[in-house]
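The values are calculated or read from the model by the stated rules, or taken from the named source; none is laboratory data. Note that this is a predicted model, so its numbers are computed, not measured. We place every Cβ from the backbone using ideal geometry, glycine too, and count neighbours over all the protein chains shown. Ligands, DNA and RNA are excluded from the accessible area calculation, which covers all protein heavy atoms including side chains. Shrake-Rupley method; radii C 1.70, N 1.55, O 1.52, S 1.80 Å.
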Amino acid sequence: MLGHGSATAASPDTSPLSPLPVGKAAERHPPGQWGMLLLIATEAALFACLLFSYFYLGARSTTPWPPFGPPDLHVAALNTLILLSSSVTLHWGERGIRRGQVGRLRVGLALTILLGLTFLSLQGYEYSRQPFTPMTDAYGSTFFTVTGMHGTHVFVGLAVL
């Protein structure tokens, strides 16, 4: 009779410390990948809720929405281009390290960080131009919440890099 917690060579998978799941599915999708996919799904759900709130409040508003007329989207369009470019530079650097090119990774990371900082700077500039604050009305609150969450995600991404 074996003592509590002992294992034999014939049954290594019965140990409470054995890696799970076992099999070909685990080889195709490691736990880190599943974790990242779930994080992305929850973040997408969060942004969907925020955007739904924006449109719901706009539809229920008794005053014009947005209250100061259509927003100027020039800075937002530029920031979108910057953010998409940062994804390209990060992917370029990542491909370089897979080929053993450490310099390419460093350049890719540096460009990505520079583009992220540019994004945050332009977002601060855009905030300073707004004729409203988060406490002005529901529009101001939702505008700063949605864009603030976006900026927070960029900031956290920069911190991780």
**Q.** Residue in the range 16-31 that is modelled with pLDDT of 65 or more and in a helix (DSSP H, G or I) present
**A.** yes
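Check the range 65-75 and report whether any residue there is in a helix (DSSP H, G or I) and within 25 Å of residue 111 (Cα to Cα).
Within the range 65-75, the subset in a helix (DSSP H, G or I) is 74-75.
Right, trim to within 25 Å of residue 111 (Cα to Cα) and you get 74-75.
Yes, because at least one residue in the range 65-75 is in a helix (DSSP H, G or I) and within 25 Å of residue 111 (Cα to Cα).
Could you count how many residues in the range 96-112 are exposed (fewer than 14 other Cβ atoms within 10 Å of the Cβ) and in contact (Cβ under 8 Å) with a residue 12 or more places away in the chain? Don't jump to the end; show me each part of the working.
Initially, the range 96-112 is screened for residues exposed (fewer than 14 other Cβ atoms within 10 Å of the Cβ), giving 98-100, 102-103, 106, 110.
From what is left, the residues that are in contact (Cβ under 8 Å) with a residue 12 or more places away in the chain are 106.
Residues in the range 96-112 being exposed (fewer than 14 other Cβ atoms within 10 Å of the Cβ) and in contact (Cβ under 8 Å) with a residue 12 or more places away in the chain: 1 in total.
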**Q.** Test result for residue 107, under 25 Å from residue 46 (Cα atoms), of a type outside the set (Gly, Ala, Ser) and part of a helix (DSSP H, G or I)
**A.** no
Q) Name the pairs whose Cβ atoms lie under 6 Å apart, with the first residue in the range 147-158 and touching a residue at least 60 places away in the same chain (Cβ under 8 Å) and assigned to a helix (DSSP H, G or I), the second of a type in the set (Gly, Ala, Ser) and surrounded by 17 or more Cβ atoms within 10 Å (Cβ to Cβ), and 6 or more positions between them or separate chains? A) 154/116
Q: Please state which one of 100, 93, 108 is farther than 18 Å from residue 130 by Cβ, of a type outside the set (Ser, Thr, Tyr) and at pLDDT below 95.
A: 100
Q: Could you list all residues from the range 68-93 that are open to solvent by less than 60 Å² (accessible area, probe 1.4 Å) and not hydrophobic (A, V, I, L, M, F, W, C)?
A: 69, 79, 85, 86, 89, 93
Q: May I ask you to list the residues in the range 120-135 that are over 23 Å from the mean Cα position of the chain (by Cα) and either open to solvent by less than 30 Å² (accessible area, probe 1.4 Å) or in contact (Cβ under 8 Å) with a residue 60 or more places away in the chain (or both)?
A: 131, 132
